[in-house]
Amino acid sequence: MHSLVGLRLSRKSVTKTGVIDYIQKGGLLMWPILGCSIIAIAVFAERLFYLHRATIHVGEFLKGLSNLIRRRNFAEALHESAGTPGPVARVIHAAIIRHDVPRAELRDIVQEAAQLEVPKLERFLAVLATIAFLTPLLGLLGTVAGMIDAFGTIASSGGYATVTELSGGVYKSLLTTAAGLVVATPTFVAYSYLSSRVNTMLHDMERAGIEIVHMLTESRPISGIISFQQPEEMAREVEARQDL
């Protein structure tokens, strides 16, 4: 039992020292790459949590609001939209507040509310894109630095150098290149995934905005009395009233 525990601890220590050894042998550029990986993980976790909280079932939410709006119970509809998190609910809330305005103005209100939500959804996505493009360049820079060290060793030895002397620069160049690709690949995948989630939510906002405008305008009472009488019949009624 003690031997198994010791074996596990030794493996963990070897793994930790191996990672630290790779970073040290990779040179100074390994630290910016490591920092980029930490930032990418933090941004992805924060955006994933935000989008998870902001996602709602748009169809069910609109179905519940349609019953309230049909009964012209705008107070409860405002309460429901205000208590629901996410940009879709905020766009609907902005429309219900101004439900008495004309249709064209109501459409503009929905569009403005949706435009205000776009920067919140796309927040920090540019950071992931930058890291995905930057880390391979840092790895390439490390490769160039490692090759410069290798050729510097050859030049300092008068054109003759052993494989052991050259292996340090080549090893350094390979480590930085691999580290840059290891960080850039999952970061780009995370950026693509979050971008698709944002596009889906933008589509939901557009759908919710169109449907809430239809709901609010169709629920308005018809003002005025519509007469279906012909002009001749109306003239006869007027003459009969004048004779009386």
Candidate set: the stretch 126-152, residues that are modelled with pLDDT under 85 and hydrophobic (A, V, I, L, M, F, W, C); chosen: the one most open to solvent (accessible area, probe 1.4 Å): PHE151
Residues of the stretch 96-153 satisfying the condition of being of a type in the set (D, E, K, R) and touching a Phe, Trp or Tyr at 6+ places or on another chain (Cβ under 9 Å): LYS120, ARG123
First in the stretch 103-132 and closer than 30 Å to HIS214 by Cα and charged (D, E, K, R), second anywhere and open to solvent by 40 Å² or more (accessible area, probe 1.4 Å) and in a helix (DSSP H, G or I), Cβ under 9 Å, 6 or more apart: ARG107/ILE210; GLU117/ARG90; GLU117/LEU202; LYS120/TYR50
Residue among MET215, MET205 that alone is closer than 21 Å to GLY64 by Cα, in contact with a Ser or Thr (Cβ under 8 Å, 6 or more places away or on another chain) and at pLDDT 85 or above: MET215
Helices (runs of 4 or more DSSP H) within the stretch 1-116 that include 2 or more residues touching a Ser or Thr at 6+ places or on another chain (Cβ under 8 Å), open to solvent by less than 70 Å² (accessible area, probe 1.4 Å) and modelled with pLDDT of 85 or more: 30-54, 58-70, 87-97
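The values are calculated or read from the model by the stated rules, or taken from the named source; none is laboratory data. On a predicted model such as this, the values are computed, not experimentally measured, just so you know. Reconstructed Cβ throughout: ideal geometry from the backbone, glycine too, with neighbour counts over all protein chains shown. What goes into the accessible areas is simple: the full protein's heavy atoms, side chains included, and nothing from ligands, DNA or RNA. Shrake-Rupley method; radii C 1.70, N 1.55, O 1.52, S 1.80 Å.
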